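Report on one structure; see the data block that follows.
The values are calculated or read from the model by the stated rules, or taken from the named source; none is laboratory data. Computed from a predicted model, the values in this text were never measured in an experiment. All Cβ positions, glycine included, derive from the backbone under ideal geometry; neighbour counts span all protein chains shown. With ligands, DNA and RNA removed, areas are computed over all heavy atoms of the protein, side chains included. Shrake-Rupley method; radii C 1.70, N 1.55, O 1.52, S 1.80 Å.
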Amino acid sequence: MEDLTAKEVAAMLNELADLMEIKGDNPFRIRAYQNAARAITGQSEKLIDIVKDGRLQDIKGVGEGLAGIITEIFETGTSSQLEELKRELPAGISELLNIPGLGPKRAHQLYYELEINNIDDLKLALKENQVQTLKGFGPKTENNLLEALLEYENYQGLMTIGRADKLAKRLEEYFKESDGLWKQMSFAGSLRRRKELVKDIDMIFVPAEDKLEELKDTIKNYPESEKIELAGDTKITLQLENGIKVDFRLLEEESYPFAQQHFTGSKEHNVVIRRIAKEAGYISNEYGLFDRETDEKVTRINTEADLYEFLGLSYIIPELREDKGEIEAASENKLPESVELADIKGELHLHTRYSDGACTIEEMVEAAIAQGYEYIAVTDHSESLRIASGLTVEDLEEQAKEIAEVQKKYPDFKILSGIEVDILSDNNLDFSDEVLEKLDLVIGSIHSGFTQSEAEINERIITAMENPNVDIIAHPRGRLLGKREAYPVDMDKIIKEAARTGTALEINASPSRLDLDDHYAKKAKEADVKISINTDAHHTRELKDMELGVSVARRGWLEKDDIINTMNSDQLIDYLNK
DNA sequence: GCCGTTTTCGGCCCGACTGTTTTCAGTCG
């Protein structure tokens, strides 16, 4: 039996689906493959265990056929169907589908009529005007595809939610200057669902009376826009620098709640919502909910919550709308009571000038108080992390004195003395137990030895968790979003051991980390592992990143009680002393 | 290929925009 993750198997099923699409297979069959790919990644159990027990068909979306394919992948490392398609279609062809405006039908034509089987071939053919000779293509399509291809080569990534938030803020400020032109304005899409990586930004507007045209012009004149991608009656797409797109939808006021729901997505969530509406005898779209017989609009829906209620569901927060079990839970009234930003009572991971932070202890305290917190833990780096001027034992004693001084000035606020201690490559911690014992809070983390094997890194983390002084493991996977992959680590094992040793795992809220992510945060909850949401702030302003960490927690179905820094300071101190 | 309080067949979400057509196909979200 091959050792594969659900994600790896899902990638194979999606590749199968892509190739089947290009070949021209039955679209419903293709969707079944895509659904199954998503369904297996949404499982909390390890996929290999489900396969071993022969329980694949218990997963909704996996029937006899796909269970066979998935089992075959585990037994042989691949699928004979996939291998056959790969023999039939060249390797680079599925990448063509990544170019905006180029879907399976056109890829099919390009391959079978012009023998184009990769991006480079396509670029050449477009430049030599061969593509416009195909049926259904013309000079405009050819030109659009060439532009899209060049953009794709230039920018093919997703932006982090942190970056998207900054763009969104500038958009919001721009449109607030012309607030007479609209009655409603909101963001939707994956930005509103708070996904860690966002492809584009979606905005919804209800224009003020007689201001539709003026609003459209204002949108088109957005100063950061490099190109108007498309502009219709109700929809405008702008392209900003680096190929980032912003979609605008303009609707009547009575459509607003439906549009919010519709454009927030996800697509998969909406497919199920519309099916439920259909089964109840309605058509659901961005304009309203309509009786299938009479075409009459349901008038008593004024908010998104009304819409969910009408369909027999409790309100589903945007962060959960991924069709990963939330609709079933909503129909049974079993949704989590999602943690909120206001539940967070303190910050347990931050840096000061003692190591690589930019601010003093007192400045961090002031900022935390301004944010409504009851406590912080000062957790600078330990000695061996020289790049971040890690503290020696003497520095740590020095710092303890300063903490005591500042504590006197702020009697109603609790300052915990802590450390972010390096878990060294030889499994040892950077400080002795004698040093660690004296501290209120110890965070263990890996900042070196990323090239070690998975077994070695597992062992490092597990050894650290077995040390009774270690309270939290920081950024457990070590990834930097869009920059560095996670080091090899078996998170299922780490979560199991965290439960056994009573160690909390961190959701690192820094926009470049978001580690744990929503997926593993959910798994941790299901294993009864406590979570600490920490910003790892190196500056007072970074304490505000907490919102991103809370979003990850909300996407991971976490509730207040799953998170240690929702406790008040007395409860937290009790918890840490246990 | 999956699914079932219309259950073993016959469905499978819905609409906007563009470019290509002359009533629509393809793509996207």
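Near A:Ser569, within a Cβ-to-Cβ distance under 13 Å, what is the net charge of the other residues, with Lys and Arg +1 and Asp and Glu -1?
Here the charged neighbours net out to -4.
Quick check: pseudo-label points 7 Å beyond the Cα along Cα→Cβ at A:Asp561 and A:Thr451, how many nm apart are they?
4.8 nm
May I ask you to compute the full-extension gain from A:Asp291 to A:Lys183, defined as 0.36 nm times their residue separation minus their alpha-carbon distance, rounded to one decimal in nm?
Residue separation times 0.36 nm, minus the Cα-Cα distance, leaves 36.1 nm.
Any idea of the accessible area per residue across the range A:96-156, 1.4 Å probe, to the nearest Å²?
Here the residues of the range A:96-156 average 57 Å² of exposed surface.
Once Lys and Arg get +1 and Asp and Glu get -1 on their Cβ, which of A:Leu124, A:Pro411, A:Phe205 lies farthest toward the positive end of the dipole of chain A?
Positive-end residue among those listed: A:Leu124.
For the residue pair A:Asp433 and A:Lys235, what label-to-label distance in nm results when each label sits 7 Å from Cα along the Cα-to-beta-carbon direction?
Those two pseudo-labels are separated by 6.4 nm.
Quick one: if the Förster radius is 30 Å, what FRET efficiency do A:Glu209 and A:Tyr174 give, using the C-beta to C-beta distance and rounding to 0.05?
0.90
Give, as ranges by residue number, the residues of the range A:78-116 whose backbone N falls under 19 Å from the point 7 Å along Cα→Cβ of A:Asn143.
Zone members listed by number: A:100-102.
Once each part is reduced to its C-alpha centroid, what is the distance from the range A:335-365 to the range A:221-287 in angstrom?
Here the two parts' Cα centres lie 36 Å apart.
Checking the table A:Lys169/A:Lys245; A:Lys7/A:Lys46; A:Lys414/A:Lys523; A:Lys245/A:Lys278 against a 20 Å threshold on Cα-Cα, which pairs fail?
Checking Cα-Cα distances, A:Lys414/A:Lys523; A:Lys245/A:Lys278 exceed 20 Å.
In percent, how large is the relative contact order of chain A, given Cα pairs closer than 8 Å and 6 or more residues apart?
Normalised by residue count, the contact order of chain A is 9 percent.
To the nearest 0.05, what FRET efficiency results for A:Val271 and A:Thr133 with a Förster distance of 41 Å applied to their C-beta separation?
0.65
222 nm [θ] for chain A, helices only, -39500 (n - 2.57) per DSSP H run of 4+, per residue, to 500?
Value at 222 nm, helices only: -12500 deg cm²/dmol.
Relative contact order of the range A:220-322, please, whole-number percent, based on alpha carbon pairs below 8 angstrom and at least 6 residues apart.
Relative contact order here is 18 percent.
Would you work out the relative contact order for the range A:341-577, in percent, from Cα pairs under 8 angstrom that are 6 or more residues apart?
With pairs under 8 Å counted, the relative contact order is 20 percent.
Quick one: net charge of A:Tyr373's neighbours, Cβ under 9 Å, K/R +1, D/E -1?
-1
Given the Cα-Cα distance of A:Leu341 and A:Arg31 and 0.36 nm per residue of separation, how much length would full extension add, in nm?
Full extension from A:Leu341 to A:Arg31 adds 107.9 nm.
Nearest 5 percent is fine: what portion of the DSSP beta bridges confined to the range A:159-250 is antiparallel?
Rounded to the nearest five, the antiparallel share is 75 percent.
What's the extension gain from A:Glu72 to A:Lys496 if we count 0.36 nm per residue and subtract their Cα-Cα distance?
Contour length minus the Cα-Cα distance gives 149.8 nm.
Quick check on chain A: of the DSSP beta bridges with both residues there, what percent are antiparallel, nearest 5%?
Percent antiparallel among DSSP bridges in chain A is about 45.
If R₀ is 56 angstrom, what is the calculated FRET efficiency for the pair A:Ala400 and A:Lys334, using the beta carbon separation as r and rounding to 0.05?
0.75
What spacing in nm lies between the two simple spin-label points modelled at A:Asn568 and A:Gln371, each 7 Å away from Cα in the Cβ direction?
Result for the modelled spin labels: 2.1 nm.
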